[in-house]
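Engineer: Structure below; questions to follow.
No lab work stands behind these numbers, since they all come straight from the coordinates. In this text, all values refer to a predicted model and were calculated from it rather than measured experimentally. All Cβ positions, even for glycine, are placed from backbone atoms using ideal geometry, and neighbour counts span all protein chains on display.
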Amino acid sequence: MRITETTAGVQDHERFDYWHEVICRTYVHIDAETLPSDRTFRAKLAASDLGRVTLSRVWAEPHCVRRSVDLIERQPHDTLMVSLMLRGAGILAQQDREVALGTGDASLYDGSQPFSLALPDRFDMIVLQFDREALVQRCPMAEELTASRLPAEAPAFAPVFSVLRSLQRSQIRDESALSKQFGASLLDILAVALAEHFGTATTKEIQRKQKFLHACGYINACTDDASLSPSQIASAIGVSLRYLHVLFHENGNSVSNYMFSRRIAKCYTDLVDPSKMHLSITDIAHSRGFKTIAHFSRRFSEAYGRSPSAIRRGIRQPELDLRKQNGEVNRLLE
């Protein structure tokens, strides 16, 4: 793990203040207070960056954290977080919702909105933190699912939680291409799991939202299929083609636009991935479902304001400069 912070070695009366600073530095700025305990306060945090995702594990004595409107205005953070309880319990409140979390449960919460998280027992917790846009691109209604229980027994979340536990124990280097790919894959399976789990709604309004989520999840899972079509998506989620278009229109988007935006985002990730520099731009475009390089280049330039080749050159140039510098140093040492 990249960061390791611990209260060991800190004087007892300074430990909680130190821990408060650690939380603010690692996550978002919050207010914090201890909760009743017969033990001296102890805490430890280990964290790693996986591309656009920060994965951390926290062990600590009972305490409560709150993010207020005042703190949000002074220290804005446009991030979402998922906390998975490995041991202990918690109560999360946000947007007029409150959820009790037990061992094995998780919940999503929004750093740009007020929240409170009370942890009344000694606990062990994994926290996943990422930019809002990174998840909203994959699951457009994720913000509406905050402070909801993501239960350990739900089939949709079992693979997500298993991957979180495995990655937390791994020794992946933070800046490696592998770590970035793991981070992107984590967001992909989290988005699919959210859409799958919250697809059991009963009211018509919520059912429409869940059908929309299912459609987004299906598109994310099948983006690389060049033959993917609106009719195929509609059939897969059990709605008519017309109703599918209505769902996306209600959410300010279109089926084709969302489908191509996800393909382009994956292409961008591949273009800047050092482990894929051997692949041509054409190879990447075809592998992500684009049939022609002209169509891909036009869509990509519209989305990012630069051509795919310009993005690729921007990644390769620092590497070439470094090789040139190393060559000059080697000549001086000869």
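Engineer: Over the chain, what relative contact order in percent results from Cα pairs under 8 Å that are six or more residues apart?
Structural biologist: 12 percent
Engineer: If you don't mind, another one. Percent relative contact order of the range 1-70, based on C-alpha pairs within less than 8 angstrom and at least six residues apart?
Structural biologist: Computed value for the range 1-70: 37 percent relative contact order.
Engineer: Which of the peptides 103-110, 244-251 is most tightly packed, and how do the rest follow, judged by the mean count of other Cβ atoms within 10 Å per residue?
Structural biologist: 103-110, 244-251
Engineer: With runs of 4+ DSSP H residues as the only contributors, calculate the mean residue ellipticity of the chain at 222 nm using -39,500 (n - 2.57) per run, divided by the residue total and rounded to the nearest 500.
Structural biologist: -14500 deg cm²/dmol
Engineer: Take every Cα pair under 8 Å in the range 1-198 that's 6+ residues apart, average their separations, divide by the length, and report that relative contact order as a whole percent.
Structural biologist: 22 percent
Engineer: In the chain, with Lys and Arg counted as +1 and Asp and Glu as -1 at Cβ, which of these residues, Q181, V127, C267, has the Cα nearest the positive end of the dipole, that is, farthest along it?
Structural biologist: Most positive-ward Cα: C267.
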